[in-house]
Structures are given as C-alpha cells and as structure tokens.
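Here the structure comes first, spelled out in structure tokens, and everything after it is commentary.
The values are calculated or read from the model by the stated rules, or taken from the named source; none is laboratory data. No experiment lies behind these values; they were computed from the predicted model shown. Quick reminder, even Gly has a Cβ in these numbers, built from the backbone with ideal geometry, and neighbours come from all protein chains shown. Surface areas here come from the heavy atoms of the whole protein model, side chains and all, with no ligands, DNA or RNA. Shrake-Rupley method; radii C 1.70, N 1.55, O 1.52, S 1.80 Å.
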Amino acid sequence: LAQGLKHKFLRRSEPRVLAAMGHGGNNVIPNVHFRKVNGCQAGRKNRVFMRTWLDQAGRKKRRANNRKAKAAKLFPRPAAGLLRPVVHPPTQRYNMKLRLGKGFTLDELKEAKIPRKFAKTIGISIDHRRRNRCTESLQVNVERLKLYMSKLLLFPKKSGTKSVKKGDTPRSELKNVAQNTLKEIIPVPKPSLRIKSRAITSEEKEKSAYKALKKARTNKHYLGAKMKKAKEAAAKES
C-alpha cells in the first residue's frame, strides 16, 4: 500500500515538474545561431565577414596623380576651377558658418564693376538666382572679387603681337608664373564665433529692440497712406 501510494504521488507530481521546466506560455522556441564569434570567424574561412582595405595607399597615390594631371591640364588657370563666393548655409543650425556658394550675384558683379559676360571669360562663376539679403554679405563678396581682380594675370589668346588686347598682362610679367593650387583659390575666412564678455553700455541699456522693430513695422504699414497724403498735399499747393 505504501509503495502504491508512493507510485501514485510520483505520477501526480510529474506534470508539475515538466511544466516548471518548459516555457510558460505560447512563446518562440529558442533557436539561436552563435556563428559570429570573435570577429566573425567561421571555421577554416577565418574572418569571413571582415572587409579588407589593402588598396588604401594605392588609391591615395592615384588621387594625387589625378590632381596633378588635372592641374597640368588647366595650367595656367587655377587648379580649383572657377572663383566662387562665400555664403552662409541655410537653416538655423548652420547659418553661423561660411562655405563656398554656387556663383556671384549680378549685384555683386555690378558693385565690383565687372561686366557679366567678361566675368565668365576670366574664371568667375555667376548665379543669377541668388539674392543679397544684407549689405554685409554683398560687401564680403565684392571685396573677394576685387582681391581676385588685383591678382589676376590675363594671358593673350595667341602668341602673336596682334592677338594682345586691352587689359591683357604684359608678356614680361608672364614669365615663370606659379599656378594657384589652393582648394578655394581665395581661402574662406574663418570668423571667430567666440565673443569676449564686456560691460553693457548705457546706450545699450536705453535702446529697446522691441520698440525699434515695432516702429519699423508701423512705418512700413502706413507708408502707402503717408505717400498718398503727401502727394495730395503737393497737388493742392500746386
């Protein structure tokens, strides 16, 4: 009887033990693949997933040779190609930086007194879509153009004396001319973003940015009415 009871007790307890050892619920049966071990080693094909970079030095030399060949082909023109303006990138995240733009605006060329058609022939890029939103950006690029023109050497198109035109550099100055191999022709200025702390002046304390903007907005709003009023007054006097 004792043996029978023991046998029955074990039989009843077996399912409970199996349930504890199994998974509690309808889950995915674990079937993991531990084959990517120690740097993706796979048997005799050691490091089968690793990508080598054995041609790094060769590629570096090839790029340098290509740059030299391009510069020799463009000689005596600058190796970087066309002169490009300095612009602020869009969006609030990058607008404090400076980079090269596509081309100079028509206003910048006009301010620097360079004709549009002539600018294309002396290595100056033009962008008729871009607009100057402030005087500061206009002046920066005008100074860039003036600096370029001051250093510019114009070679005659042909070797004869008749081919020399007005504005061409004398042949005596064209001997042993070095080529410009810089990336930007004229380097992009690096503005110092750090502002040194100082005491606030009394004039700055008295001024109000809000009032100045409000006044400008009001003047713009009533400009048409003021002009109309002044025109009517002038017509009555006459």
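Filtering the range 147-177 to residues that are open to solvent by less than 100 Å² (accessible area, probe 1.4 Å) and either over 17 Å from L82 (Cα atoms) or among the basic types (K, R) (or both) leaves P156, G160, S163, V164, G167, D168, T169, P170, S172, L174, V177.
Scanning the range 68-78 turns up no residue that is modelled with pLDDT under 60 and either open to solvent by less than 100 Å² (accessible area, probe 1.4 Å) or in a loop (DSSP other than H, G, I, E, B) (or both). Restricting the range 178-218 to residues that are hydrophobic (A, V, I, L, M, F, W, C) and open to solvent by 100 Å² or more (accessible area, probe 1.4 Å), the residue that is farthest from I124 (Cα to Cα) is I200.
Annotation for the range 133-141: no member residue is touching a Leu at 6+ places or on another chain (Cβ under 7 Å) and outside any helix (DSSP H, G or I). Looking at K220, K214, K157, K166, just one residue is out of contact with any Ser or Thr (no Cβ under 8 Å at 6 or more places or on another chain) and at pLDDT below 95, and that residue is K166.
Each residue in the range 130-151 was checked for being without any contact (Cβ under 8 Å) to a residue 40 or more places away in the chain and either within 26 Å of the chain's Cα centre (by Cα) or closer than 16 Å to L100 by Cα (or both), and 13 pass.
Step by step: first the residues of the range 101-120, then only those that are closer than 23 Å to P90 by Cβ and outside any helix (DSSP H, G or I), then the one that is most open to solvent (accessible area, probe 1.4 Å). Which residue is that? Going through the qualifying residues, I end up with K102.
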